[in-house]
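Derivation of every value follows stated rules applied to the coordinates shown; laboratory data play no part. No experiment lies behind these values; they were computed from the predicted model shown. Note that we place each Cβ from the backbone using ideal geometry, even for glycine, and neighbour counts take in every protein chain shown.
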Amino acid sequence: MRNILVTGSNGQLGNAIKKISSKLINYNFLFTDIEELDITSYEQIGKFIHKNKINIVINCAAYTAVDQAETDREKAFLINVTAVEYLSIQAKANNATLIHISTDYVFDGSSQIPYKETDLPDPKSYYGLTKYEAEQKIAQFAENAIIIRTSWLHSEYGHNFVKTMIRLGYERESLNIINDQFGSPTYAADLADTIIKLTQATIKGIIFYNYSNEGSCTWYEFAKAIMELKKINCVVNPITTEEYPTAAVRPKYSLLDKSKIKKELDIEIPFWKESLKTCLKNI
Ligand SMILES: NC(=O)c1ccc[n+]([C@@H]2O[C@H](COP(=O)([O-])OP(=O)(O)OC[C@H]3O[C@@H](n4cnc5c(N)ncnc54)[C@H](OP(=O)(O)O)[C@@H]3O)[C@@H](O)[C@H]2O)c1
């Protein structure tokens, strides 16, 4: 029986893990969010891990408001960097493995081929910078850890692009959506399944993996697929990044090369449109 702590479990990924956890045997999950365990408290983390004999910490907690992070820097740094340093130290002190989630936003987006785990990050947003600094803290302070970089997370839970498009699609006759940023959506349930597989592996050292759904699209193509599959009568118009200024700069291209995780875990990853259909059924 392994004791697994999931932090930030009221968020998208945390909820997706919660959903599949009920079907798993030989696991004792402890789901927490800020009320039960504030990851910015070094003492709270230490006590919790020690008292509950935690073997694996899955850190789903984060400051994820990408544009707001540009101005709310102190808070974004505290949750995304300082707290991850604390989790790394306390996991190591208690012989626990840390599984942490990072992002495609650590890359500058200038590539024309999918990013590998070994490509050098160069974040262009403050959020991306905090996530990159967290990776470095893990490398410095953790002993055994997995860092999974993922992209464009969506699910039936919380706030995300899919839910926003459905809401706006019903409210408006037309929407202008960016058509020159390329990436891949990731259904949180697919990522959660993969994280569970990773908990069964023996982890030594700091290991990076990329994970997203298969295939590529722009936000415009993603939005069009949502409207079509939901049969929402809203016209989606393609626009450029310049036509939709945001506080944070997003990568123009952030496809992730998933060959490493597919080979090592011997898994097939669903294509984004197939997983979008599943997500829409569950919303
Ligand atoms: N969303 C994406 O598109 C995306 C893309 C790539 C990577 N990621 C990464 O994937 C991971 C999961 O993302 P997600 O979309 O599931 O995030 P999410 O839905 O925003 O969930 C994060 C959770 O962490 C909680 N939290 C915030 N501060 C905390 C604290 N001090 N202690 C404990 N919990 C705290 C949040 O509570 P509040 O809501 O009350 O703040 C929320 O419940 C994150 O590391 C994120 O950076 C996300």
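Taking Lys and Arg as +1 and Asp and Glu as -1, the other residues whose beta-carbon sits under 12 Å from that of G8 total -3. Dipole magnitude for the stretch 3-132: computed about the Cα centre from +1 point charges on Lys and Arg Cβ and -1 point charges on Asp and Glu Cβ, it is near 640 debye.
What the Cβ-Cβ distance of L229 and N176 gives, at R0 = 22 Å and to the nearest 0.05, is a FRET efficiency of 0.65. Length gained on full extension, T71 to N237, computed as 0.36 nm times the residue gap minus the Cα-Cα distance: 56.8 nm. Of the two radii for the stretch 243-282, the radius of gyration is 1.14 times the Kirkwood radius, both from the alpha carbons; that is the Rg over Rh value. Under conditions of 37 °C and 0.692 mPa s, the chain yields 171 µm² s⁻¹ as its translational diffusion coefficient, taking Rh as the Kirkwood radius over Cα pairs in the Stokes-Einstein equation. Taking the chain as the reference, fit the longest principal axis to its C-alpha atoms, fit the long axis of helix 188-199 to the helix C-alpha atoms, and give the angle between the two in degrees, 0 to 90, nearest 10. Once rounded, one gets 30 degrees.
Short-range pairs are left out: with C-alpha atoms under 8 Å and at least six residues apart, the relative contact order of the chain is 21 percent. The slack in the chain from N26 to K260, taken as 0.36 nm per residue of separation less the alpha-carbon distance, amounts to 81.5 nm.
Over the stretch 19-82, what is the relative contact order in percent, taking alpha-carbon pairs closer than 8 angstrom and at least six residues apart? Relative contact order for the stretch 19-82 comes out at 27 percent. The C-alpha atoms of the chain define a longest principal axis, and helix 12-21 lies at about 60 degrees to it. Using 21 Å as the Cα-Cα cut-off, could you pick out the over-long pairs in K18/K263; K163/K231; K137/K263; K224/K258? Too far apart for the 21 Å limit: K18/K263; K137/K263; K224/K258.
Entry note, the chain: the mean residue ellipticity at 222 nm calculated from DSSP H runs of n ≥ 4, each adding -39500 (n - 2.57), is -11000 deg cm²/dmol after division by the residues and rounding to the nearest 500. The overall shape of the stretch 188-283, judged from the alpha-carbon gyration tensor, is oblate: a/c is not under 1.5, and a/b is no greater than b/c. Towards the positive end of the charge dipole of the chain, with charges on Cβ (+1 Lys, Arg; -1 Asp, Glu), say which of Y127, M1, N95 has the farthest Cα. Comparing the listed Cα positions along the dipole, M1 ranks first.
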